[in-house]
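The values are calculated or read from the model by the stated rules, or taken from the named source; none is laboratory data. Keep in mind that what you see is a predicted model, and the values were worked out from it rather than measured. Note: ideal-geometry Cβ built from the backbone for every residue, glycine included; neighbour counts use all protein chains shown.
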Amino acid sequence: MNLAQNLATTAARLPDKTAIKLDDAALTYGQLAGMVAQAAGDLRASGLEAGDRVALILPNVPAFPVLFYAVQQVGGVVVPLNPLLKHYELEYFFSDSDAKFAFVWPDFAAEAQQAGEATGTKVFVSTPVGPAPGDLTTGEPITAPVERADDDNAVILYTSGTTGKPKGAQLTHANLHLNAKTSAQDVISIGEDDVIMGCLPLFHVFGLTCSLNAGIIAGATLTLLPRFDPAKALEMVERDKVTIFEGVPTMFGAMLHHPNAKDADMSSLVTCVSGGSAMPVELLRGFESAFDCRVIEGYGLSETSPVVTFNMLDRPSKPGTIGRAIPLAEVRLVDSDGNDVPPGDGVGEIAIRGAYLMKGYWKKPEATAEAIPDGWFRTGDLATVDGDGYFTIVDRKKDMIIRGGLNVYPREIEEVLYQHPAVAEAAVVAIPHAELGEEIGAGVALKAGESATPEELQQFVKDRVAAYKYPRQVWLLAELPKGPTGKILRREVKAPTA
């Protein structure tokens, strides 16, 4: 199984059907397959071999699917990365993944090139539709995907924990193919007449699986939005007759409450898919009522390709829940000893196994063993389950902050704050936010005799991490609250209200 076979199969069946759109530009399945074949041939001629890693640092532009499937076609492994990452972050990802090549959007090239110089990764600046002419050695087109084993890596997707460096989840060809197929056929019911709104980042597993790979399997059209803007999204639904909208709750809220919403023609919209963070029930019902569509909510993680539970279309939805386990996924609740927590019997940690579970963390066997101690992946998310098998998230065992659907890990930001010469102690915490769900805050204690303003500390972090990660609120404390062992009690750190 090679994930790129899905594109080859659909291109043979629907060569003249529009596969990818970006405003007025469009690629048919036949054109997309041809561009992928040429790019794959050029990659091989340039030295890419099966198993080599290639970083894609691209927004939602046609170059992403072209390069994604080209790398798969030749047997390589894609490492999708957020274009907003700074060079010192990229250095870690390049080095840890041993990326041979990286393709970056021109707007973000300087950071990637600096990281490439430090790591030996060869960085190419991408055009809107793929490699720039002449950058790669021209090779004979590879028109058929090379054979890969089901458990060969297709993607290494980096995900952080509350401690340590980000870990690369090894997602195989079988993981991603089966999750996309189940998402297309059983969860969202995507058909070749559907038009999917491509506003979820394709470098994130939600967009990669449910928008791109599922859409390609179904033969649907994916209309891309490189940077989410609610006015533009409303315009695109009307312009492109979008039938399926996939997004995080903040996108739904921004569209629903935008001044243009009342006048927008949303009549084509049938199904909307929400994930990334919990959607308020009031927002879900408001969106359904305003736009006469159905909103289904689900749950998944980078380590699970990602979808594992959903309120599926062929069953009643239960707003406020993350739905039931989808086909080929096994989901249960366990207590601290790994024992089952039965339906209606209180809170347990979500544990997952099945066809979508990653092969393990890249080059981190100890972290893999800790996360999957008995074949069941421990998610760190606490939930209840009812008698019908519908799960409801009640809390996160981990301290991760979800800001507008994007994960921010306090430890990473704290480590940056500790690099400031005046900082003695730091704790990064979530602050409730009406639109984003959670905002990032930081309580900081300074070293004796040192001085720094909250604004200076905020800028210090902003200069060193992606734009969505820096704390929007920083406050100074004489000292941070601690437990009896001297451990900082993050849960006791509260943002000042005045």
### Query
When you look at GLY320, is it under 18 Å from GLY380 (Cα atoms) and in contact with an Asp or Glu (Cβ under 9 Å, 6 or more places away or on another chain), yes or no?
no
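Being without any contact (Cβ under 8 Å) to a residue 40 or more places away in the chain and within 25 Å of LEU202 (Cβ to Cβ): is that true of ILE402 here?
Details: without any contact (Cβ under 8 Å) to a residue 40 or more places away in the chain: no; within 25 Å of LEU202 (Cβ to Cβ): yes.
No: the conditions fail for ILE402.
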### Task
Inspect all residues belonging to the stretch 249-264 and state whether any of them is more than 20 Å from GLU282 (Cβ to Cβ), touching a residue at least 12 places away in the same chain (Cβ under 8 Å) and within 24 Å of the chain's Cα centre (by Cα).
no
### Query
Can we say SER211 is of a type in the set (Ser, Thr, Tyr) and either more than 14 Å from the chain's Cα centre (by Cα) or farther than 18 Å from SER305 by Cα (or both)?
no
### Query
Of all residues in the stretch 345-395 being within 13 Å of ILE322 (Cβ to Cβ) and polar (S, T, N, Q), which is surrounded by the fewest Cβ atoms within 10 Å (Cβ to Cβ)?
THR392
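Of all residues in the stretch 269-294, count the ones that are outside any loop (DSSP other than H, G, I, E, B), in contact (Cβ under 8 Å) with a residue 40 or more places away in the chain and surrounded by fewer than 22 Cβ atoms within 10 Å (Cβ to Cβ). Let's see the steps before the verdict.
Taking the stretch 269-294 first, the residues outside any loop (DSSP other than H, G, I, E, B) are 271-274, 281-291, 294.
With the extra rule that they be in contact (Cβ under 8 Å) with a residue 40 or more places away in the chain, the set shrinks to 271, 273.
With surrounded by fewer than 22 Cβ atoms within 10 Å (Cβ to Cβ) added as a condition, the list becomes 271.
Residues meeting the conditions: 1.
If you take just the helices (runs of 4 or more DSSP H) that sit entirely in the stretch 1-94, which of them hold at least 1 residues that are surrounded by fewer than 19 Cβ atoms within 10 Å (Cβ to Cβ) and modelled with pLDDT of 95 or more? Don't jump to the end; show me each part of the working.
Details: elements: 5-13, 29-45, 63-73.
Passing ranges, in order: 5-13, 29-45.
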### Task
Please specify each residue of the stretch 336-358 satisfying the condition of being touching an Asp or Glu at 6+ places or on another chain (Cβ under 6 Å) and within 26 Å of ALA99 (Cβ to Cβ).
MET358
### Query
Of the residues ALA109, ALA118, which is without any contact (Cβ under 8 Å) to a residue 24 or more places away in the chain, surrounded by fewer than 23 Cβ atoms within 10 Å (Cβ to Cβ) and out of contact with any Phe, Trp or Tyr (no Cβ under 7 Å at 6 or more places or on another chain)?
ALA109
## Note on the structure
Of the residues in the stretch 30-42, those that are in contact with a helix residue (DSSP H, G or I) (Cβ under 6 Å, 6 or more places away or on another chain) and within 21 Å of PHE203 (Cα to Cα) number 5
### Task
Of the conditions (1) aliphatic (A, V, I, L, M); (2) more than 18 Å from TYR158 (Cβ to Cβ); (3) in contact with a Lys or Arg (Cβ under 6 Å, 6 or more places away or on another chain), ALA40 clears all except one; give me its number.
(3)
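Using the structure shown, decide if LEU178 is among the aliphatic types (A, V, I, L, M), under 27 Å from LEU406 (Cα atoms), buried (at least 23 other Cβ atoms within 10 Å of the Cβ) and under 20 Å from the mean Cα position of the chain (by Cα).
On the way: among the aliphatic types (A, V, I, L, M): yes; under 27 Å from LEU406 (Cα atoms): yes; buried (at least 23 other Cβ atoms within 10 Å of the Cβ): no; under 20 Å from the mean Cα position of the chain (by Cα): yes.
No.
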### Message
Quick test of your reading of the structure: ALA351 fulfils all but one of (1) over 30 Å from PHE310 (Cα atoms); (2) in contact (Cβ under 8 Å) with a residue 24 or more places away in the chain. Name the failing condition by number.
### Response
(1)
